[in-house]
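S.K.: To start, I am sharing the structure in question, which I have written as structure tokens.
The values are calculated or read from the model by the stated rules, or taken from the named source; none is laboratory data. Just so it is clear, the model here is predicted, and its values are computed rather than measured. As a convention, Cβ positions derive from the backbone with ideal geometry for all residues, glycine included, and neighbour counts pool all protein chains shown.
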Amino acid sequence: MPLPERDQEWPPPHMKREMRLYEEWGAWYAGDPDQLAQVYGSGQVHAIGLDPKGWDRPSKGFSGWIQRAARWFWGTPVPLGQVRSTKLHIPIAGDIAATSADLLFSEPPTLRVPGKTSQKRLDKIMHEAGIYGALLEAAEIGSAYGGAYLRAGWDTEMYDHPVMSVLPPDAAVPEFRYGKLAAVTFWRVLAEDDRSRQVWRHLERHEKGRVYHGLFLGTQDRLGKQVPLEDHPETEIYASQVDEDGGFDSRYPRGLLVSYIPNMRPHRLIRGTSLGRSDYQGVEHLMDALDEVWTSLMRDIRIGKGRVIAPDIFLDNLGRGQGASWDPDREIYSGLGMLPAPGSAANSMLTVMQFAIRVKEHVDAGKAFVAQILRGAGYSAQSFGEVDGSGQAVTATEVHSREKKSFSSRGRKTGYWNPTLQWAPDVLLSLDHAIFGKKVSAEKGEVHWPDGVQPDPEALGRTVELLNRAMAVSLETKIRMVHPEWDDHQVTEEKNRLRDELGLNVPDPDTLGQVLVPGTGDDE
């Protein structure tokens, strides 16, 4: 099915609920107070923000139709007479998304394909095209929005290899079959004219074996009519590539050039959908309450500043209409010709006001909310730097025990990432062969995940040294123990460098017999 041929509402009506969720989660992820206030309706005249999920639709009660509203701290407007908003935002949502990505890809997985030539070319593409960075980006976006898209492509003018880009789910209209992405339409706004209220949109649709591009001129909520791609400079490059049907061959007949990675399933708000759920789902109220707690603490600090109330005797008259001032450093004042009240001190005329700042109460409440937010998002507090303060070194086993919930969530997410990581070598090598003429074979790759815990360098060094003295490991095994994230090419280069430093000028390390280096314990 090609691009839409008639004017229609955009985004499509069936995506309204998903788009409202993306708008809410995106506001928390961005951490922009103005965006949060807009999403939760603080621009309303009343002091109650309507629920943006769509649960505020009318429901029939005993006295007719009534409005159901949810109370949000970010939904309350700025009080009358207040110059600026004093609300404080704690960006815990961004920390959750970044930590989720770090747990998955701070140590990138290893992708293996059959054949040395194909493996070497895949490793080169993964590094030169920045694929590992794209995986981190997709994992962070997926944590916030409930999923992310990876799109493979090419640009022969800028690169000599395929490339891969990340697209957020709030700019896509997906179509699933049995939980797998069957087609997807991406869109982006190219330009908006405030005077004519016209909006230029670029639509890109991916189907099996085909990619379609279209340029549409409409309004903010209507797609409008399709116009030639040459009418806008950002889509002009596709005009010479598409055929009369508006598309071109994707050069990958086995599927789409796009893969969708759900963050976590099932979706608790939209039953039956194949879309993933955000890590924020179910803890939005807690994040809203956390901001209210810290705003209250800031209010205590603001109004708790010490103030002195001085009587008129301590004020210097500046003249008619000029008011009066007080010099706190002045030592001598001319008093009134009267006796002080019996039993009163000399400084009793000055009143010092100092309100209590409830730091401990607010901090304890904030920590309690943070613990609930992290638990609801599926993570352990230790993953976010919350430690017991003992200062003692812990082993990898103890790290796994303390961060069990985080690693449990990581294990679930790796299961959703495996199909995409198996698809990536296949599509990249297929495009590399079809577009750039490389003699490589394209097959689905094998995924090997690291354990996710960084070992103690000192303990790892002692282990390698003991095995080296016992002559129980080879030079290559020692390199892989110290650098488990390296590919075969990097390991071979390091092995050759070590051999050169040890004085072994061997032309072909792969065909070596058993060679014993005196004093080192190497058995290659």
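S.K.: Within the range 265-284, how many residues are surrounded by fewer than 17 Cβ atoms within 10 Å (Cβ to Cβ) and either without any contact (Cβ under 8 Å) to a residue 12 or more places away in the chain or of a type in the set (Ser, Thr, Tyr) (or both)?
M.R.: 3
S.K.: For the range 489-519, what are the residues that are assigned to a helix (DSSP H, G or I) and modelled with pLDDT under 80? Reasoning before the result, please.
M.R.: Within the range 489-519, the subset assigned to a helix (DSSP H, G or I) is 489-502, 509-511.
Within the range 489-519, 502, 509, 510, 511 qualify.
S.K.: Could you figure out which of (1) in contact (Cβ under 8 Å) with a residue 40 or more places away in the chain; (2) surrounded by fewer than 18 Cβ atoms within 10 Å (Cβ to Cβ) isn't true of residue 193?
M.R.: Checking residue 193 against (1) in contact (Cβ under 8 Å) with a residue 40 or more places away in the chain; (2) surrounded by fewer than 18 Cβ atoms within 10 Å (Cβ to Cβ), the one that fails is (1).
S.K.: Among the residues of the range 197-220, is there at least one that is in contact with a Pro (Cβ under 6 Å, 6 or more places away or on another chain) and of a type in the set (Val, Ile, Thr)? Write out each step before concluding.
M.R.: To start, the set of residues in the range 197-220 that are in contact with a Pro (Cβ under 6 Å, 6 or more places away or on another chain) comprises 209, 212.
Checking the rest, the ones that are also of a type in the set (Val, Ile, Thr) come to none.
No, the range 197-220 contains no residue that is in contact with a Pro (Cβ under 6 Å, 6 or more places away or on another chain) and of a type in the set (Val, Ile, Thr).
S.K.: Can you tell me which residues in the range 412-448 are hydroxyl-bearing (Ser, Thr, Tyr) and either under 28 Å from the mean Cα position of the chain (by Cα) or part of a helix (DSSP H, G or I) (or both)? Reasoning before the result, please.
M.R.: Let us first name the residues in the range 412-448 that are hydroxyl-bearing (Ser, Thr, Tyr), namely 414, 416, 420, 430, 441.
Within the range 412-448, 414, 416, 420, 430 meet the criteria.
S.K.: Another question, then. Being surrounded by 18 or more Cβ atoms within 10 Å (Cβ to Cβ) and either at pLDDT below 95 or among the hydroxyl-bearing types (Ser, Thr, Tyr) (or both): is that true of residue 203 here? Show your work before the answer.
M.R.: On the way: surrounded by 18 or more Cβ atoms within 10 Å (Cβ to Cβ): yes; either at pLDDT below 95 or among the hydroxyl-bearing types (Ser, Thr, Tyr) (or both): no.
No.
S.K.: Under 6 Å between Cβ atoms, at least 6 apart or on separate chains: pull out the pairs that start in the range 134-146 with a residue that is assigned by TED's automatic domain parsing to the domain that holds residue 262 and end on any residue that is β-branched (Val, Ile, Thr).
M.R.: Listed pairs, sorted by first residue: 134/166; 137/166; 138/166; 142/261.
So that you can scan it fast, the table gives a plain yes or no per residue for (1) at pLDDT below 95; (2) within 22 Å of the chain's Cα centre (by Cα); (3) of a type in the set (Phe, Trp, Tyr):
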{"site": "129", "(1), (2), (3)": "yes, yes, no"}
{"site": "134", "(1), (2), (3)": "no, yes, no"}
{"site": "160", "(1), (2), (3)": "yes, no, no"}
{"site": "163", "(1), (2), (3)": "no, yes, no"}
{"site": "175", "(1), (2), (3)": "no, no, no"}
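S.K.: Quick check on residue 298: is it surrounded by fewer than 16 Cβ atoms within 10 Å (Cβ to Cβ) and outside the structural domain of residue 409 (by TED's automatic domain parsing)?
M.R.: Working: surrounded by fewer than 16 Cβ atoms within 10 Å (Cβ to Cβ): yes; outside the structural domain of residue 409 (by TED's automatic domain parsing): yes.
Considered against the rule, which asks whether it is surrounded by fewer than 16 Cβ atoms within 10 Å (Cβ to Cβ) and outside the structural domain of residue 409 (by TED's automatic domain parsing), residue 298 comes out as yes.
S.K.: Are any of the residues in the range 483-492 surrounded by 14 or more Cβ atoms within 10 Å (Cβ to Cβ), within 26 Å of residue 161 (Cβ to Cβ) and either in the same structural domain as residue 106 (by TED's automatic domain parsing) or among the hydrophobic types (A, V, I, L, M, F, W, C) (or both)?
M.R.: The answer is yes; a qualifying residue exists.
S.K.: Quick one: would you say residue 145 is among the aromatic types (Phe, Trp, Tyr), out of contact with any Lys or Arg (no Cβ under 8 Å at 6 or more places or on another chain) and at pLDDT below 95? Talk me through it step by step, then tell me what you get.
M.R.: On the way: among the aromatic types (Phe, Trp, Tyr): yes; out of contact with any Lys or Arg (no Cβ under 8 Å at 6 or more places or on another chain): yes; at pLDDT below 95: no.
Taking the combined requirement at face value, the residue does not satisfy it.
S.K.: If you don't mind, there's one more thing I want to ask. Test residue 110 against the criterion of being of a type in the set (Ser, Thr, Tyr), surrounded by 14 or more Cβ atoms within 10 Å (Cβ to Cβ), at pLDDT below 85 and not assigned by TED's automatic domain parsing to the domain that holds residue 295, and give yes or no.
M.R.: Values: of a type in the set (Ser, Thr, Tyr): yes; surrounded by 14 or more Cβ atoms within 10 Å (Cβ to Cβ): yes; at pLDDT below 85: no; not assigned by TED's automatic domain parsing to the domain that holds residue 295: yes.
No; evaluated as a whole, the condition is false for this residue.
S.K.: Which pairs turn up if I take residues in the range 22-43 that are on the phi > 0 side of the Ramachandran plot and outside the structural domain of residue 289 (by TED's automatic domain parsing) and look for partners that are modelled with pLDDT of 90 or more and assigned to a helix (DSSP H, G or I) with beta carbon separation below 6 Å, at least 6 apart in sequence or on another chain?
M.R.: These pairs meet every condition: 31/94.
S.K.: Residue 474 fails exactly one of the following numbered conditions: (1) at pLDDT 75 or above; (2) among the small types (Gly, Ala, Ser); (3) at positive phi. What is the number of that condition?
M.R.: (3)
S.K.: Turning to a different aspect of this structure: Could you check residue 116 against (1) surrounded by 13 or more Cβ atoms within 10 Å (Cβ to Cβ); (2) modelled with pLDDT of 85 or more; (3) charged (D, E, K, R) and say which number it fails?
M.R.: Every listed condition holds for residue 116 apart from (1).
S.K.: Here's a follow-up. Would you point out the residue of the range 169-190, among those that are outside any strand (DSSP E or B) and in contact (Cβ under 8 Å) with a residue 60 or more places away in the chain, that is farthest from residue 23 (Cα to Cα)? Let's see the steps before the verdict.
M.R.: Narrowing the range 169-190 to residues outside any strand (DSSP E or B): 169-171, 178-179.
Cutting the leftovers down to in contact (Cβ under 8 Å) with a residue 60 or more places away in the chain gives us 169-170, 179.
Values: 169: 11, 170: 8, 179: 24 Å.
Per the stated criteria, the residue is 179.
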